[in-house]
1. Go through (1) in a helix (DSSP H, G or I); (2) modelled with pLDDT under 90; (3) among the hydrophobic types (A, V, I, L, M, F, W, C) and name the single condition Ala206 misses.
2. Identify the single condition in (1) in contact (Cβ under 8 Å) with a residue 12 or more places away in the chain; (2) surrounded by 15 or more Cβ atoms within 10 Å (Cβ to Cβ) that Arg3 does not satisfy, given that it satisfies every other one.
3. Does the range 131-138 contain at least one residue that is of a type in the set (Gly, Ala, Ser) and at pLDDT 80 or above?
4. Name the residue, out of Val127, Val133, that is in contact with a helix residue (DSSP H, G or I) (Cβ under 6 Å, 6 or more places away or on another chain) and closer than 18 Å to Ala26 by Cβ.
5. Test Gly75 against the criterion of being at pLDDT below 95 and farther than 16 Å from Thr150 by Cβ, and give yes or no.
6. With (1) more than 16 Å from the chain's Cα centre (by Cα); (2) free of Cβ contacts under 8 Å to residues at least 24 places away in the same chain; (3) under 28 Å from Leu191 (Cα atoms); (4) exposed (fewer than 14 other Cβ atoms within 10 Å of the Cβ) as the list, and Pro36 as the residue in question, which single condition is left unmet?
7. Please enumerate the residues belonging to the range 61-96 that are surrounded by fewer than 18 Cβ atoms within 10 Å (Cβ to Cβ) and part of a helix (DSSP H, G or I).
8. Picking from Thr56, Thr48, Thr106, which residue would you name as being of a type outside the set (A, V, I, L, M, F, W, C), open to solvent by less than 80 Å² (accessible area, probe 1.4 Å) and either on the phi > 0 side of the Ramachandran plot or within 15 Å of the chain's Cα centre (by Cα) (or both)?
Amino acid sequence: LGRAMAISAVVTLVIIATQFLTSVMAAYAFAFLEFPFKRLMFAIVIGTLLLPIEVTLIANVRTIRDLGWLNSVHGLSVPFFATALGIFLIRQGFLGIPRDLRDAATIDGFGHLGFLFRVAIPLAKPVIGSFLVISFLGAWNQYVWPRNATDTKAWQTAQIALRTLTTERIDQLNIAFAGAIIAALPLVVLLVFFQRQMVRGLTAGAVKG
């Protein structure tokens, strides 16, 4: 499982980093900026949450094959560079920031990026932290996409390697169980250390007063 877990770790980190950037930027735009068709565009973004991966699977697989991205880190990660869930969660966190802070930051000479990274993100830490945990869980546990984005054993991710392990060692279930425990260790460690942060982020703003 060593190589498979290493590939999963790299792909997961790439997805988390890019989802953080795209979600924060889009959430800031939807929360603080005014532009035409803002509500319609946000509704379309949220509407993508209703689309299962199977809807876009064939088109995405054909695209990465045409680009020559089969069996590569970018082939495994690019389709997940943006997420509507992250945009929605972080936008809700940004909406809880008083407008007075935005006006004060403007008077102090902060532009959009200055206000975003020095004020908005620090104040929305609980929400962003909970989203990053959710993003890690989703990226690490991917099965359907890596199954279609790779065709060699050398590029198997952790979940695909576990499946291969269970099918190749049917008479040795103890090996499969050991592999499952090893692959789950990063998730267990993450949840143990960030459980409080995740709960705070998901419940932020849920109770008034």
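1. Unmet for Ala206, out of (1) in a helix (DSSP H, G or I); (2) modelled with pLDDT under 90; (3) among the hydrophobic types (A, V, I, L, M, F, W, C): (1).
2. Every listed condition holds for Arg3 apart from (2).
3. Yes - at least one qualifying residue is present in the range 131-138.
4. Values: Val133 fails: closer than 18 Å to Ala26 by Cβ.
Within the list Val127, Val133, the selection yields Val127.
5. Criteria not met by Gly75.
6. (3)
7. Selection gives Val61, Arg62, Thr63, Arg65, Asp66, Leu67, Val73, His74, Leu85, Gln92, Leu95.
8. Within the list Thr56, Thr48, Thr106, the selection yields Thr48.
The values are calculated or read from the model by the stated rules, or taken from the named source; none is laboratory data. What you see is a predicted model; the values in this text were computed from it and never measured. FYI the Cβ positions are ideal-geometry reconstructions off the backbone, even for glycines, and counts take in every protein chain you see. These accessible areas exclude ligands, DNA and RNA; they are computed on the full protein's heavy atoms, side chains included. Shrake-Rupley method; radii C 1.70, N 1.55, O 1.52, S 1.80 Å.
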